[in-house]
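To keep things clear, I will list the structure first and then write my remarks on it.
The values are calculated or read from the model by the stated rules, or taken from the named source; none is laboratory data. Everything numeric in this text was worked out from a predicted model, so none of it was measured. Heads up, the Cβs are rebuilt from the backbone with ideal geometry, glycines too, and the neighbour counts pull from every protein chain shown.
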Amino acid sequence: MKPKILFSHLFVGTAHNFNGGCDSDCACSYSIVPPNLQELPTERGYGCDGDGEIFSVKHSLKGKKLVCSSGQGYSLSLDDHSAALVANAKAPLFVLNAPAQEILDFFAQPRDPAEWSRTSSIDYYDAQLAIAQFYEAGLLREVSAQSQITNIYETAAPLESWLYLTRACNLVCAHCFVSKDMRRMSLETGLQAVDRLFELAEAHGHPEVKIKYAGGEPTMNWELIPALHERAKFRAQETGLRLNEVLITNATLLNHERLQFIKEEGFGLSISLDGFGEGHDRQRPVRNGNPTFERVFRSVLLALEAGLKPYLITTITRLNVDEVPALVAFALEHRLMLNLNFYRPHDLTDTLAADNASLTRALQEALKVIEANLPDYNFMEGLIDRSNFGAAHQHVCGAGRNYLSIDTDGSVLPCHMLTGYNLPGIPLQMLESPRFDDFPNPPIDHRNGCNTCEWRYWCAGGCPIHAKNVTGSSNVSSPYCSVYKTIYPELVRLQALQLLQADINSR
Ligand code: SF4
Ligand code: SF4
């Protein structure tokens, strides 16, 4: 049998946008290694010289000691395949058949590719081809090459922002962290915010500005959105920076006209859907207690009819935990992305969170739904809370680094939760850098309790504000750690099955 290597780039372009970003309601985490998915090796494209040897191996790698990189990640066995998550590879997930695994195992100790035995049952040429592919994909590295996982890509990440267009909302959601009142962002403040974002992005080398129009319920200050969008487009053209805009909404005030605007102007649309019926209604009523599920669900369908693919955002609490499997089934049916946020209690007296055992059970049920309907897109990459399986990362999110939460009056903090808590921010015009170095968002290699965990580059330890609220310290592993550790292996197994399925379908 020939060695076969499958890479997770099969699904590129369907889940996280540029370099691992996403449209959930948190600052995205960005990858450690510049994704080079287009450059991933295929079985074609390798020159072969007169001796029947792979040119790149013979001339570039021979004499060099190579070693397997997969020790820095997680691996699992499937029936007749194996899978590995590798932090500093060009694509994070690999699925290998038995001959490919045998070749990789050969490099558990540093070896010269020429040491591969010509009498092996695996054809010499096929083995050299696999070695070349492993090397190019980052699964094999030179012994002398740096193996440390560093965040070399940080400045290439977008400058992200959460604009509080208003503090008002027409709903009274049980889990909301926003101190609500009638404050609205003025046009003048909004335009200043857009201008400053582009100035900061240019000054600090960010190639993209990402604006999340949020709140409160941003559609309650709808007029601002087209005006700020026009300015953002103008500034993007002027500076040559990329622009990425997302509306984060409860979807109760969407209509055909607004959806058309979102579509025509190329916005992302993120909709909060907190269950699939009563669970959503328990969590997201209007002020008089009336339910909202029907209304939100109609908006989701209307968005689908308009040709949009809303990104669904769910916060799981004890009020809606049982509806997670139904939500997953709905998202899969419509090929939508879904982010299941685990509720972050605001203090020790807050009892809204689902307990870890019920949360784990609900997620296990949801994974069964996924296994029965294996998606042909990157559904699982950012499904679980703050994890990101599309890219290894050092920081759970961009808070403190490349993320700005801008309040209605233009004051800035490193996270939208802090703004929602009414903490005092820095006036927009006094902000000289997107960085808030005193915000406790340590790299995962320095996070206590996480720094030796096999999941650390995919999990990154959970929200630091949540950890602080519950344990008194941000520099500890997440209170949801036991849930993550139970769910992640199963999630990776399903991702590997998904790759195998995609490979079969592509033949
Ligand atoms: S929170 Fe738990 S699973 Fe996540 S990185 Fe830390 S120790 Fe690992
Ligand atoms: S600090 Fe927590 S709430 Fe804020 S962006 Fe990061 S993960 Fe989200």
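A few notes on this one:
- Residue count for the range 445-483, restricted to those that are away from ligand 2 (no atom under 14 Å from the Cβ) and in contact (Cβ under 8 Å) with a residue 60 or more places away in the chain: 7
- For the range 451-465, a residue qualifies if it is more than 15 Å from the chain's Cα centre (by Cα) and surrounded by fewer than 23 Cβ atoms within 10 Å (Cβ to Cβ), and the qualifying residues are Asn451, Thr452, Cys453, Glu454, Ile465.
- For the residues Ala303, Ala326, the requirement of being surrounded by 21 or more Cβ atoms within 10 Å (Cβ to Cβ) and over 20 Å from Tyr484 (Cβ atoms) singles out Ala303.
- Cβ separations smaller than 8 Å between residues 6+ apart or across chains give the following pairs from the range 122-136 residues that are within 12 Å of Leu104 (Cβ to Cβ) and assigned to a helix (DSSP H, G or I) to residues that are of a type in the set (Gly, Ala, Ser) and at pLDDT 85 or above: Ala127/Ser120; Ala130/Ala100.
- Given (1) assigned to a loop (DSSP other than H, G, I, E, B); (2) away from ligand 1 (no atom under 16 Å from the Cβ); (3) touching a helix residue (DSSP H, G or I) at 6+ places or on another chain (Cβ under 9 Å); (4) more than 18 Å from Pro92 (Cα to Cα), number of the condition Ala353 does not satisfy: (2)
- If you go through the range 452-470 and keep only what is in a loop (DSSP other than H, G, I, E, B), more than 7 Å from ligand 1 (Cβ to nearest atom) and over 19 Å from Met417 (Cα atoms), you end up with Thr452, Glu454.
- One residue alone among Leu367, Leu383 is touching a Leu at 6+ places or on another chain (Cβ under 8 Å), within 16 Å of ligand 1 (Cβ to nearest atom) and under 18 Å from Ile487 (Cα atoms), and that residue is Leu383.
- Residue, farthest from ligand 1 (Cβ to nearest atom), within the range 471-501, restricted to residues that are in a loop (DSSP other than H, G, I, E, B) and buried (at least 18 other Cβ atoms within 10 Å of the Cβ): Ser474
- Asn288 more than 27 Å from the chain's Cα centre (by Cα) and either free of Cβ contacts under 8 Å to residues at least 60 places away in the same chain or in the same structural domain as Asn320 (by TED's automatic domain parsing) (or both): yes
- Residue in the range 392-407 that is more than 24 Å from Cys453 (Cα to Cα), over 17 Å from the mean Cα position of the chain (by Cα), away from ligand 2 (no atom under 16 Å from the Cβ) and outside any strand (DSSP E or B) present: no
- On inspection, Ile504 does not qualify as modelled with pLDDT of 95 or more, on the phi < 0 side of the Ramachandran plot and in a helix (DSSP H, G or I).
- Taking the listed residues Gly425, Gly400, Gly390, the one that is crowded, with 22+ Cβ neighbours inside 10 Å and assigned by TED's automatic domain parsing to the domain that holds Asn475 is Gly390, with no other qualifying.
- Which numbered condition Tyr377 fails, given (1) within 16 Å of ligand 1 (Cβ to nearest atom); (2) in contact with a Ser or Thr (Cβ under 6 Å, 6 or more places away or on another chain); (3) assigned to a loop (DSSP other than H, G, I, E, B); (4) at pLDDT below 95: (1)
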